[in-house]
Amino acid sequence: MSVSGLTRELAIDIRTARRDAAAMEAAFDRCSRALYRYIAVRVGDAHLADDMMQQLWLQARTNGTVVAERELEFWLRGIARNLVRSHWRRQKRRPKHVPLADASLAAELSERLASEELPAETLERQEVRDQLLLAITELSSDEQELVVGHYFEGRSLVELGRMMGLGPRAIEGRLYRARQMLRRKLENLA
């Protein structure tokens, strides 16, 4: 192979690597709030969650270019899950303030969400909030942004639509599907 052919292949490899790194960085940016929420709920410490996010970023930066773009969020979520599991294995126990899944309460919440809006006094109970947070953090980043934005931050469909570049009707449909997925995640909490 000639020098110019080798140079051309090297230039193509560099462009491909840059494109892959840019895709990974964009996926990380898009998912970072959801990933942080996932970690923070499970470790119960903002400083520790920050440290784990840095570890996640380093692993993603090192290995993210080998993952297909459409699988990056799933892959990043797997790294976050492994970081949390490794942390608890090293600690040998969870502190009392870190929520654990309660399958029976989660199933009850799922049934109630399907048929009624939960009253404020129910939502004020810590164990109910814990189950909801665990289930919400299992949603995809887009679903989390919709549920958290609408129900916790009080954003309108129009506001959410502007944030996501969609119309209010599209947001309404996506929010409906996110609520359905939230109910499924509650059913599957173990």
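The values are calculated or read from the model by the stated rules, or taken from the named source; none is laboratory data. Please read all numbers here as calculations on a predicted model, not as lab measurements. Neighbour counts run over all protein chains shown; Cβ positions are idealised from the backbone, glycine included.
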query = Among the residues of the range 131-140, which ones are surrounded by fewer than 19 Cβ atoms within 10 Å (Cβ to Cβ) and modelled with pLDDT under 90?
reply = Leu133
ask   = When you go through (1) closer than 23 Å to Val148 by Cα; (2) of a type outside the set (S, T, N, Q); (3) in a helix (DSSP H, G or I) one by one for Asp51, which number turns out not to apply?
value = (1)
task = Filter the range 105-124 down to the residues that are more than 14 Å from Leu182 (Cβ to Cβ) and more than 24 Å from the chain's Cα centre (by Cα), then identify the one that is surrounded by the most Cβ atoms within 10 Å (Cβ to Cβ).
result = Thr122
ask   = Is the range 180-190 home to any residue that is under 26 Å from Arg81 (Cα atoms), touching a helix residue (DSSP H, G or I) at 6+ places or on another chain (Cβ under 9 Å) and not in a helix (DSSP H, G or I)?
value = yes
task = Could you tell me which residue of the range 71-101 is surrounded by the fewest Cβ atoms within 10 Å (Cβ to Cβ), considering only residues that are among the aliphatic types (A, V, I, L, M) and not in a helix (DSSP H, G or I)?
result = Leu100
ask   = Are there any pairs with C-beta distances below 7 angstrom linking a residue in the range 16-40 that is not assigned by TED's automatic domain parsing to the domain that holds Arg129 and assigned to a helix (DSSP H, G or I) to a residue that is at pLDDT below 75 and buried (at least 19 other Cβ atoms within 10 Å of the Cβ), with the two at least 6 apart or on different chains, and if so which?
value = Met24/Gly64
query = Restricting attention to the range 127-134, does a residue exist that is within 24 Å of Glu71 (Cα to Cα), outside the structural domain of Leu72 (by TED's automatic domain parsing) and free of Cβ contacts under 8 Å to residues at least 60 places away in the same chain?
reply = no
